[in-house]
Amino acid sequence: MDLPPELISKISTYIATSDVLRLGYTCKANYDLLLPQIYSSVTIDSSRLPYGTEDLKSTRSTTIKSLYSFTLFMKNLYSNQKYCSYVRVLQFMDEIPDLPELELFHFLEKIFPNLSNLEQLKWFTIQMYLSCELLSKVPNLVNMKSVVGNFKSFEKVNLFAGDNHVYRLEELSVSGFGQHTNLAKLALPRFVNLSSLTLSRNSSTSALKNSEHASSVSNFIELPDPYVDEANYIAQFSAFPLSQSITELVLKDMCICANDANRLSKTIDLNQIKTLKLLNCTEKVQGVDYFLDVLQPKMVNLHTLSLGLSNEANANDSAIRFIKYLPSKLRKLELQVRWSSLHREPELRETVNAITAHRGTLTYLDFDFESVHQNKDGCYRYASQLQKLSQLHNLKFLRVPVNQYEIPELIRVVNNLQRLQFLQLALKDFKTPIINNNTLISQEYFDYPNSVTLNYHNTIVDQLANFCRDFKTFLTTLRYLVFEASETYFFNCYRHIVQERGLESVFGEMVKRETA
C-alpha cells in the first residue's frame, strides 16, 4: 500500500540523508516530493570518513563525495533553475572531487545568479579560492545569514559595498584577504545582525570553524613577523562602530598591538564577546601595555578563549595575566605557547597556575607548550610542572604536552579528574618512524609496510595500549585516549582498549558533541 505524501515527508526528517536519497529513488513521485529536502543543504566533501561516522556531523546535509556525483549535481543545477531555488546551504569542504578548476567555475558562473534562496555559503577548500566577483553574483546576498571561506580578487570588487543595503549577515569569515587594505572593502558596519566575525590574512580550512585544537589550524602557515609587517589591520575596519551583537571574534595570521585593542574597544562592545580566538598572531610591543592587557577588564562574559599569540619579547606574561585575572570564568581554553627566549626560564608553572583560576568552570583544556630550553637529556620536562591540573575536577577534555618517559608521572596528575572523557597527549619525544642512517638500504623500505616495519608498528601500538590500561585504571569515565607523535593513534577506552583508525576528521565533532 502506498504511503501518503505527508507521511513520507515526516519519515524523511527522521532518517539519515543517505536513506532519504534511497527513498527518493524508489519512484518518481517520491523523488519529486523529496527533492527540495535533498537539495536544501548540500556538502561537497570527498574526504574519507570511517563507516558510521556521518551522523556525527552537527547538521543534516546531503554529502557529495564522488566526481561523478559532483558533476551530475552541477549539471542538474545548471540545466534546472528550479533546483537552484531549493538550495539554502552550500558547503565546499577541505577536500572536494577533482573537477578541473576551469570547468567548476564555469558551472558556478551559471549557477550562482540562480541561487535565489541561498542562506549559507561555506568555501573551505584551499585548492582554489572563490572569487569575490563570483560571490557578488548571488542575488540573495543581502538576505544571506552566513558567508565563510577563502576568497580572492578583493581588489576587483568591493564586496557588500556596491549599494546602500543593510545586510542580514550573522556570520562572516573571510580568509585569504592578503593585503590589509582589502579589509576596508568589506563594509563591516553594514552588518547590523553580525554575531560572529573571523578575519584571517592567510587561507584557512574547516579546522578554523570546527572544534579542532588551535595548533592544527595554522600548522602550515608561517608566523607573521612583527619586524617586517607594518600593516595596521584592525584600523581598516574600526573607523565606525560595528554590530553590537558580535559575540565571537577570531583573528588569525595578523600582527597586532595595544593600539589595536583600544580601537576594538571603541568599535565592538567587548562586554558581549563570549568567544575570542587569536590564532597564529604576533604582537608589536608598544610601551608597557599589551594587546591582552587592554582587553582584559572588558571581557566580562568571555567563556571560550583560544590563544596562539607571541610577541617581540618572546614571553607569555600578558597571556598569563589575561587568563589569571579575567573577570569571567572560562569553560573552554585553547592555549598554545611558543617559548623562544634564551634569557628567561619558561613560565610553564606560572601558566598552569593561571589556568587553575578557572577550575570551577573549565570543562575543556587544550594546552600546548614549546620551549627551546632543554634538560641534560635533551628534553624539556613537563609533567612535574603540570601538577596543579589535578584541581580541574570538571574537565571532560584535556590535551597536554608530555614526554613518553613522563607518562607514569602524568597518570598521578590526572587520576583525580573523574569526569574526564577525552585525553590527548602531545608526545614530544616519541620517535615512531624508522629512520635509515648510513646504510645502503633505501629509506622507502622503512616507509612502506613490510615484515620489519609491521613488527615495529605493532610493538608501538602494544606499548600505547598498555598506557591506556594504566590510565583507565584510575579514570573510569575515559572514552578515548589519543597519542600525538609523527602520526596520531586513537584508542577507544570505553569498554575494551581498541585502536581505531581514521578518526582525525571527525574526532573534533565527537568531542564537541560529548562535552557540550
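None of the figures in this text is laboratory data; all of them are computed from the coordinates on show. Since the structure is predicted, the reported quantities are computational estimates derived from the model, not experimental observations. Counting neighbours? That spans all protein chains shown, and the Cβs are built from the backbone with ideal geometry, glycine included.
Below are the figures for this structure:
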read-out: Integer Hz, Karplus 6.51/-1.76/1.60 couplings in order for segment 115-122, x for Gly and Pro; value: 7, 6, 10, 5, 10, 9, 10, 10
read-out: Rounded FRET efficiency, nearest 0.05, which uses the C-beta distance separating Leu102 from Phe240 and R0 of 35 Å; value: 0.30
read-out: Amide H contacts under 5 Å for Ile44, placed H, 5+ residues apart; value: Ile64, Gln91, Phe92, Met93
read-out: Table column - 3J(HN,Hα) (Hz), segment 172-182, Karplus curve with 6.51, -1.76, 1.60, x for Gly and Pro; value: 10, 10, 10, 10, x, 6, x, 5, 5, 5, 5
read-out: In sequence order, calculated HN-Hα J values of segment 70-79 (Karplus, 6.51, -1.76, 1.60; Hz; x Gly/Pro); value: 5, 5, 5, 4, 5, 5, 4, 5, 5, 9
read-out: Long-range HN-HN contacts of Phe369 with modeled amide H, under 5 Å; value: Val337
read-out: Loop chymotrypsin sites (Phe, Trp or Tyr not before Pro), segment 5-53 (other Cβ atoms within 10 Å of the site Cβ: 15 or fewer; DSSP); value: Tyr14, Tyr25, Tyr51
read-out: Separation of the Thr476 and Asn80 label points, Cα + 7 Å toward Cβ, nm; value: 5.6 nm
read-out: Residues Cys27, Cys493 arranged by fewest to most Cβ contacts within 10 Å; value: Cys27, Cys493
read-out: FRET efficiency, 1/(1 + (r/R0)^6) with R0 60 Å, evaluated for Asp429 and Leu67 via beta carbons; value: 0.90
read-out: Nonlocal amide H pairs with Glu334, under 5 Å, H built at 1.01 Å; value: Leu305, Ser306, Leu307, Asp366
read-out: Extension gain, Cys27 back to Ser384 (0.36 nm per residue minus Cα-Cα distance, nm); value: 121.9 nm
